[in-house]
1. Can you give the helix-only mean residue ellipticity at 222 nm for the chain, where every DSSP H stretch with n ≥ 4 adds -39500 (n - 2.57) and the sum goes over all residues, rounded to the nearest 500 deg cm²/dmol?
2. Calculate the length of the line joining the C-alpha centroid of segment 13-63 to that of segment 68-140, in whole Å.
3. Where a ≥ b ≥ c are the square roots of the eigenvalues of the C-alpha gyration tensor, would you call the chain rounded, which needs a/c under 1.5, or, failing that, prolate if a/b is larger than b/c, or oblate?
Amino acid sequence: MNVRIEQARPVQEKPLGDESVDRNFIGQLVREFYRRVRLDARLGPIFAREIEGDWEPHLEKMTEFWCSVILKTGNYHGRPVPAHTKLADVTEDDFQIWLGIFRETTRDLCAPEVSRVFNERAELIARSLQYAMFFRLPAA
Ligand code: HEM
């Protein structure tokens with residue numbers, strides 16, 4: 001039988017269905033998350049180095065990304081894996097810091113059920129990125 005990958009995923013696949021979670025809310029969540037990331041002693045300098053000058057394009061891109069993930073809008077067309085595999089100094093511990101800040105931000109801004117859905121998706125995507133970054137075969 002031809003099972004689509006989407007059907008095998010263990011997490012929420014439909015749009016969230018909570019009307020308070022719209023593009024505007026996601027934009028605020030993204031902005032608050034990156035405000036905290038930029039203050040972090042370890043992640044702040046990495047982002048400052050990679051995103052020079054105007055943060056707005058990154059914040060808009062991340063808003064589209066999270067709208068696609070949570071609201072299924074499909075307007076994000078970027079490539080997350082190469083954006084991260086090029087970050088040679090980023091470690092698995094850094095992903096734990098990233099996820100910790102993300103969980104704190106959703107806890108502070110979202111209803112518990114909404115927070116749970118965002119965190120679940122972030123953890124899943126973080127796992128795929130880490131797989132791509134740390135468990136790939138060395139180049140021949
Ligand atoms: C320690 C962990 C992480 C670090 C240091 C990091 C850093 C970065 C940086 C510097 C960029 C900008 C790259 C560029 O524009 O050239 C970026 C882009 C991005 N990040 Fe992360 N990231 C981390 C984890 C995550 C996680 C867990 C997610 C998703 C849940 C995520 C999603 C994205 C997405 C969607 C982009 C945009 C990629 C594109 O389309 O260009 N990141 N990240």
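Each reported figure results from applying straightforward, stated rules to the coordinates on display, with no laboratory input. From a predicted model like this one, the values you see are computed outputs, not experimental measurements.
1. On the way: 7 runs with 92 residues, N = 140.
Result for the chain: -21000 deg cm²/dmol, rounded to the nearest 500.
2. 12 Å
3. On the way: a/c = 1.63, a/b = 1.09, b/c = 1.49.
Oblate, since a/c reaches 1.5 and b/c is not below a/b.
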